[in-house]
Amino acid sequence: MNYFTETEFKCNCGCDIAVVDAEFLNMLNVARWKYVWAIHVVSGYRCEAWNTTVGGSWTSSHLKGLAADIEAIGSANRMQLVSALVYAGFNRIGIAERFIHVDHDPDKPANVLWLYPKEKEVLNGQTA
């Protein structure tokens, strides 16, 4: 079961670099299978320059290919997606109005769920 291509994880700056961890990708595939609907990755890997441009943390898991921001609009859609991500084993999830951040970074605390303040929400490099 492989629902994703490497292209979906390319940095949005246009540098065409795509890095995605194999275990992370496998977990996303399980989540996609459980979710049933298509999952649109709006931000996967980020090069250092792009991460800075979008205001990402210098410790961002996007820099390692261990994170994705997934489009999720509407409360029912967010709930179904979060349920699928938890089913797949993800335990680091950030919720915004228009996307859900998920990562599988062993260097960061597990079992965390956070909300993005409205002014920090970024979707595909654009402030929401």
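No value in this document is a laboratory result; all are computed from the given coordinates. Because the structure is predicted, anything quoted here is derived from the model rather than measured. Note: ideal-geometry Cβ built from the backbone for every residue, glycine included; neighbour counts use all protein chains shown.
Considering only Thr53, Gly74, Ile39, and ranking their Cα positions along the charge dipole of the chain that arises from unit charges at the beta-carbon of Lys, Arg, Asp and Glu, the one farthest toward the positive end is Gly74. Comparing Ala38, Ala68, Ala88 in a Gaussian network model of the chain where C-alpha atoms under 10 Å apart are linked, the largest mean-square fluctuation is found at Ala38. Checking (i) 20, 17, 14; (ii) 29, 17, 13; (iii) 23, 17, 16 against the coordinates, the calculated semi-axes √(5λ) of the Cα gyration tensor in Å falls under label (i).
Near Trp37, once Lys and Arg are set to +1 and Asp and Glu to -1 for all other residues with Cβ below 14 Å from its Cβ, the sum equals +2.
Antiparallel beta bridges, as assigned by DSSP with both residues in the chain, represent about 75 percent of the total such bridges. Computed over neighbours whose Cβ is under 9 Å from that of Val102, the net charge equals -1, Lys and Arg +1, Asp and Glu -1. Under 10 Å, Cα contacts only: if you run a Gaussian network model on the chain, which one of His62, His101, His40 comes out with the highest mean-square fluctuation? Of His62, His101, His40, the most mobile in the Gaussian network model is His40.
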